[in-house]
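Note sheet for the following structure.
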Amino acid sequence: MTESLNGKRVAFLATDGYEDSELTSPWQAVTEAGAQAVLVSPATGSIEGKNGHAQPVDLASSDADAADFDALVLPGGVVNADDLRTDAASVAFAKDFFAQHKPVGAICHAAWTLVEADVVRDRTLTSYPSLKTDLRNAGAEWVDEEVVVDQGFVTSRTPDDLPAFNAKVIEEIAEGTHAGQTA
């Protein structure tokens, strides 16, 4: 990866039950590219992935402001995504990245939180296949591809897609804001 993210701050929004690799792999990718990664969560202390990885929480969702970050990454995991979409502060935080035209990456089940934020309408994206109907009902065009980029909005399906997802997330963060990335 040749892109430099020096000086960039990237928020990762997650809670207990996230898919471990979908947090750890993008986290490593953006930090190796020079960004500061910050874990935002409705939980406090630390959160635990479905396979046992524990990650300390840096900032509560209720105290987080999208204006303080350059981009957002949403790891998947059924329990994680389902819990986040019921947390008003987390949903508002995610939606603000779209309102500010900032890059957002969402993998696997993470798109559920973005359905709740009402930011997928008229966007082309992918996700874990079981979300296809939910996303289409929310107005998105769902496609079955390894990685999809729509105006700064990066989506992928599963942990198998992480290499492509990570590369595109870094590319979009390096490019900065996108006029078509909107709530």
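The values are calculated or read from the model by the stated rules, or taken from the named source; none is laboratory data. Values in this document were obtained by computation on a predicted structure and should not be read as measured data. As a convention, Cβ positions derive from the backbone with ideal geometry for all residues, glycine included, and neighbour counts pool all protein chains shown. Note: accessible area is taken over every heavy atom of the protein model, side chains too, but ligands, DNA and RNA are not part of it. Shrake-Rupley method; radii C 1.70, N 1.55, O 1.52, S 1.80 Å.
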TODO: Could I have the simple spin-label model distance between T24 and A179, label points 7 Å from Cα toward Cβ, reported in nm to one decimal?
DONE: 4.2
TODO: Could you tell me what percent of the accessible area of the chain is made up of carbon and sulfur, with a 1.4 Å probe and every protein chain present?
DONE: 43
Open item on the list: Tell me the per residue accessible area of the chain using a 1.4 Å probe; a whole number in Å² is fine.
Closed with: 41
Open item on the list: For the chain, what does the helix formula give at 222 nm: sum of -39500 (n - 2.57) over DSSP H segments with n ≥ 4, over the residue count, nearest 500 deg cm²/dmol?
Closed with: -9000 deg cm²/dmol
TODO: Post the alpha-carbon centroid distance, region 125-151 to region 41-70, in whole angstrom.
DONE: 25
Open item on the list: Given Cβ point charges of +1 (Lys, Arg) and -1 (Asp, Glu) and nothing else, what value in debye, to the nearest 20, does the dipole of region 42-135 about its Cα centre take?
Closed with: 400
Task: Under-5 Å amide H pairs with T124, H placed in peptide plane, nonlocal only - done: E141
- [ ] Quick one: compute the contact order of region 111-183, relative version, from alpha carbon pairs under 8 angstrom and 6+ residues apart, as a percent.
- [x] 28
TODO: Work out how far the C-alpha atoms of the chain reach from end to end along every principal axis, then list the three figures in whole Å, largest first.
DONE: 36, 34, 30
- [ ] Note down the nm distance, to one decimal, between modelled labels 7 Å out along Cα→Cβ at R9 and at A54.
- [x] 2.6
Open item on the list: Taking θ = phi - 60°, what integer Hz values does the Karplus form 6.51 cos²θ - 1.76 cosθ + 1.60 yield along region 130-141, in sequence order, with x for Gly and Pro?
Closed with: 5, 8, 3, 5, 4, 5, 5, 5, 8, x, 8, 9
Task: Contact order relative to length of the chain, as percent, for alpha carbon pairs under 8 angstrom and 6 or more apart - done: 22
Task: Cα-centred dipole magnitude for the chain, charges only on beta-carbon of K, R (+1) and D, E (-1), debye, nearest 20 - done: 200
Open item on the list: Testing the spin-label approximation: label points 7 Å from Cα along Cα→Cβ at Q151 and N137. State their distance in nm.
Closed with: 2.5
